[in-house]
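FYI, it's all coordinate maths here, none of it is from the lab. Computed from a predicted model, the values in this text were never measured in an experiment. All Cβ positions, even for glycine, are placed from backbone atoms using ideal geometry, and neighbour counts span all protein chains on display.
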Amino acid sequence: LRRNPGEEEFHQAVHEVLHSLGPVLSKRPEYAEAKLVERLVEPERQLMFRVPWTDDKGEVHVNRGYRVEFSSALGPYKGGLRFVPHLALGTVKFLAFEQIFKNALTGLGIGGGKGGADFDPKGRSDAEVMRFCQSFMTELYRHLGEHTDVPAGDINVGTREIGFLFGQYKRLTNRYEAGVLTGKGTGWGGSQARTEATGYGTVHFVQEMLATRGEELAGRRVVLSGSGNVSLFAIEKAQALGAHVVACSDSSGYVVDERGLDLDLLKEIKLERRARLDTYAEARPAAEFSSRGSVYDVACDIALPCATQNELTEKHAVGLVKNGVKAVAEGANMPCTPPAVEVFRDAGVLYGPGKAANAGGVATSALEMRQNAAREIWGFEETEGRLAAVMRDIHTECVTAAEEYGAPDDYVLGANVAGFLRVADAMQAQGLV
Ligand code: NDP
């Protein structure tokens, strides 16, 4: 705490992991001797830099860029970039720390990193977003490389932004180094199914969790938060598997549509028009939009928080349990507060933490890197098949580790322990670095 003052989210993420590691450290004293935990909580490198740019009126703005290169024990630093107002170092550090274990769980040879900027793209023109991305990359490019550090998208960073960033990287380096960024357009080095991967993967993970209790997704009522990249494709996969998806949210409120959400309309509103959710209810009079209360007030069997960190609180969790929720899987990173997780645990609700449940996105990014390295293009079905297999493997790893360490059904412990062991063994083998 003294070493990293004011970084509450980072403390929260570290606390959760360390809480799981007690049994591992007693079984493997060599890790304690090598100060593995002390080394693991200190990023290998963290960058903060100035990002100056001009808006369409010629006014100058100055933002702050970040890249935290946390661990390269298993491969190049890998993790997304997030553009949100007020982004602080502690948030980027928590995301990068989580990413280490998530990426380890995929088994695809990628280290952990994360980055972004305190830039708000809302209301900005394409030209303004392009100038911002170009300025951001003008500093960041010297730290990147397909074998060094490979960013992707995250909140407010989609194919448009990755395109602008890639274009500037190419211009500065004079190299068409496709594997330096993932989430590219499919016509210029991007992987099929990358856009869909995080949401699809989260739903695959839910299926696996339900199957441990002999249950399935078809016919279940599903509620999600967010209506961005993760959320929209979680809706798509859940609907394809026969679930009844009735509510989702955005930063302005939430919409309930008892007939089932109209995904085409949602995509048009959120992806094409970049508009708010109240326009959904205007177009579908039977649906209701509310800016009061929470999407978690809507009764459901399955809740998928897919918006942002610490959005699902203890109060929401109590309400969900009262309304009979059976499973919660995190499409977003750390969306449930620690007291909310306790509520789910006490009630015996299946709870899939983000570092396992939303690992499908980064797994498919690693598959994009493979395709780029081999100069191959795989079809959608092949890529999605590999994604589904990775999610099944991650689920099995979590369950196996949780059982081995005496906490069956505890996906938090299972994910932390399985991810940690892979990173720790690599760090031991690589010496004091
Ligand atoms: P997007 O920017 O595409 O979407 C985020 C969505 O969340 C938007 O609909 C946004 O609303 C909404 N939102 C933001 N804050 C709130 C809030 N407080 N309450 C309700 N809704 C809110 O981001 P992504 O979908 O890419 O990312 C979402 C989460 O998933 C993040 O935690 C991210 O780190 C995580 N994640 C993403 C991956 C990916 O592949 N994209 C991979 C793994 C994890 P509005 O539309 O109004 O802005």
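Couple of notes before you dig in:
- Cα gyration tensor shape for the range 1-41, rounded if a/c is under 1.5, else prolate or oblate: oblate
- Working ranking of peptides 355-367, 400-412, 27-39 by packing, defined as the average number of other Cβ atoms within 10 Å per residue, highest first, is 355-367, 400-412, 27-39.
- Extension gain (nm, one decimal) between Tyr176 and Ala373, 0.36 nm per residue minus Cα-Cα: 69.7 nm
- Euclidean distance between Cα centres, the range 290-368 to the range 158-174, Å: 34
- Where trypsin sites (Lys or Arg not before Pro) fall in DSSP loop in the range 249-315, at most 15 other Cβ within 10 Å: Arg259, Arg273, Arg274, Arg292
- Where the Cα pairs of the chain fall when distances are cut into 20 Å bins, in %: 27, 60, 13, 0
- Amide N proximity, the range 230-250 versus Asp264 label position 7 Å along Cα-to-Cβ, cut-off under 16 Å: 236, 240
- The radius of gyration of the Cα set in the range 304-374, together with its Dmax, comes out at 14.8, 51 angstrom.
- Relative contact order for the chain: 16 percent, from Cα pairs under 8 Å spaced at least 6 residues apart, divided by residue count.
- Under-24-angstrom lysine pairs by C-alpha in the range 195-357, whenever the two are 8 or more apart or on separate chains: 7
- Couplings 3J(HN,Hα) of the range 18-28, computed from phi: 4, 4, 7, 8, x, x, 5, 5, 6, 6, 10 Hz, in residue order, whole Hz [Karplus 6.51 cos²θ - 1.76 cosθ + 1.60, θ = phi - 60°; x for Gly and Pro].
- The range 103-149 and the range 239-270: distance between their alpha carbon centers, rounded to Å: 29
- Square roots of 5 times each gyration tensor eigenvalue, C-alpha, the range 134-191, largest first, Å: 16, 13, 11
- Only helices enter the 222 nm calculation for the chain: every DSSP H run of n ≥ 4 contributes -39,500 (n - 2.57), and dividing by all residues gives -14500 deg cm²/dmol, rounded to 500.
- Label-to-label distance, nm, for residues given as Leu25 and Glu216 (7 Å Cα→Cβ offset): 4.4
- Beta bridges assigned by DSSP with both partners in the range 195-357 are antiparallel in approximately 35 percent of cases.
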